[in-house]
Amino acid sequence: MHSMTRTAAIRQSVHELHRLGDVADELLGALVELEQRVHRASSHYDTGPWRVENFARDLPGKRELSLVAMASGKPIGFLIASRCPDGAHIHRVATDPRHQGLGIASRLLALLLARASGVVTLICDPHNQSALAVYARAGFRVTGTTPEGKLSLATGTPFHR
Ligand SMILES: CC(C)(COP(=O)(O)OP(=O)(O)OC[C@H]1O[C@@H](n2cnc3c(N)ncnc32)[C@H](O)[C@@H]1OP(=O)(O)O)[C@@H](O)C(=O)NCCC(=O)NCCS
């Protein structure tokens with residue numbers, strides 16, 4: 001009985017999602033630490049980990065669209081996005097290595113896609129198989145390659161001009 005209650009409490013806390021704008025001021029340091037942990041554990045994330053100024057940088061719609069997953073009062077995953085003319089762009093998606101494979105990134109992506117209108121885009125390293133699998137399941141498709149050799153992905157319904 002006691003262990004069932006504990007398990008339910010852990011599931012509940014893992015599923016706690018916040019808008020970046022509601023938690024950014026108090027969590028900036030913890031987000032940078034999480035970013036560094038993810039960066040150390042991942043081979044195909046990005047060239048360098050984001051710093052405080054990257055998380056704090058003001059972009060259109062960033063505080064409303066970006067999401068932070070929390071467990072026991074600490075960030076364990078995040079999705080950083082901002083609005084752009086045709087929809088939204090995802091700058092960063094990461095889950096704490098200790099919490100990966102539990103559906104956190106998928107849930108963050110699903111919530112963003114439910115909230116954002118238009119096309120949602122992102123760029124991913126072609127060797128980042130786990131991320132590409134999560135994006136494919138979320139409905140993203142590859143739309144091209146950047147000059148740096150990264151894959152461009154997109155989902156959503158384009159605006160008709
Ligand atoms: C890519 C990344 C964000 C995925 O985060 P995640 O929270 O582990 O993603 P999910 O749990 O939603 O899905 C990942 C896997 O768990 C599986 N999964 C999803 N829900 C699950 C559940 N309830 N129980 C068990 N497994 C589950 C998925 O099927 C998926 O399996 P796969 O590894 O075979 O593809 C994470 O691996 C990460 O932070 N990587 C480093 C940073 C990075 O590369 N970011 C992307 C840059 S483009």
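Observations on the structure shown:
- For segment 42-113, taking Cα atoms only, Rg and Dmax work out to 12.4, 37 Å respectively.
- Note on exposure: 148, 53, 35 ranked by accessible area (1.4 Å probe, complete protein assembly) read 148, 53, 35, with the most exposed listed first.
- Formal net charge of residues neighbouring residue 98 (Cβ-Cβ distance under 15 Å; K, R +1; D, E -1): 0
- Percent accessible area from carbon and sulfur atoms, the chain, protein chains only, probe 1.4 Å: 52
- For residue 92, distant residues with modelled amide H under 5 Å away: 80
- In the full protein context, the chain carries 58 Å² of accessible surface per residue, based on a 1.4 Å probe and ignoring ligands, DNA and RNA.
- When the residues 124, 84 are ordered by accessible surface, computed with a 1.4 Å probe over the protein chains alone, the sequence from largest down reads 84, 124.
- Angle of helix 104-115 to the longest C-alpha principal axis of the chain, folded into 0 to 90 degrees and rounded to 10: 60°.
- Average 1/r across all pairs of distinct alpha carbons in the chain, invert it, and you get the Kirkwood radius: 16.3 Å.
- Net charge of the neighbourhood of residue 22, taken over other residues with C-beta under 12 Å away and scored Lys/Arg +1, Asp/Glu -1, is -2.
- Most mobile of 88, 133, 110 in a GNM of the chain (Cα contacts under 10 Å): 133
The values are calculated or read from the model by the stated rules, or taken from the named source; none is laboratory data. Quick caveat, the model's predicted, so the values are computed rather than measured. Glycine also receives a Cβ, built like all others from the backbone with ideal geometry; neighbour counts cover every protein chain displayed. For the accessible areas, the whole protein counts, side chains as well, though only heavy atoms, and no ligand, DNA or RNA atoms are used. Shrake-Rupley method; radii C 1.70, N 1.55, O 1.52, S 1.80 Å.
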